[in-house]
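FYI, it's all coordinate maths here, none of it is from the lab. This is a predicted model, so every value here is computed, not measured. Cβ placement follows ideal geometry from the backbone for every residue including glycine, while neighbour counts extend to all protein chains displayed.
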Amino acid sequence: MSRAAPLDNMAVVCYAMHMDIQKEAKMDLERAIKAGGREWQTPDGKLHRVYFNNMARRYGLRVDRYNTGNVSHAELGGEVISNSAAKRLLATFEFGKLWWDIRLEEWGYKGLEEAMADSLIAQIEAEGQNG
């Protein structure tokens, strides 16, 4: 099995930029939950959001692992990528956050590159409409 050259951050951004992104599409609580989001709000009700998990899967990252837990094979959008690139992406998705703010009616994210967030948002909005 051949390995691809390591994927750098620019390649990840370029991949996300080529995804079909519809920033103007709207979301609401029902669609967000239909797309797999989890509703959350503060006790005082000042923050009301729907958070989305499984970002790696939504982004098109597929990873096989050894019994030790280390990455043995990885693909992004069907293209083979290096194990170290996959580990970087997995870390980004583990610590990054993506949410729909119910009160403000807008998307928010933390710890993700803008192009990544846009790609994920497009995927979630499509799921919310079709789901």
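Rg of the Cα atoms in segment 9-130, relative to 2.2 N^0.38 Å, amounts to 1.12.
Residues whose amide H falls under 5 Å from that of Ser72, counting only those 5 or more places apart or on a different chain, are Asp64, Arg65, Tyr66, with hydrogens built in the peptide plane.
Were the residues from Lys46 through Glu114 laid out at 0.36 nm apart, the gain over their Cα-Cα distance would be 21.9 nm. Projecting label points 7 angstrom from Cα along Cα→Cβ for Lys34 and Ser72 puts them 4.0 nm apart. Of the GluC sites (Glu not before Pro) in segment 61-107, the ones in a loop by DSSP (not H, G, I, E or B) with at most 16 other beta carbons within 10 Å are Glu105.
Taking 0.36 nm per residue of separation and subtracting the current Cα-Cα distance, fully stretching the chain between Arg62 and Lys87 would add 7.9 nm.
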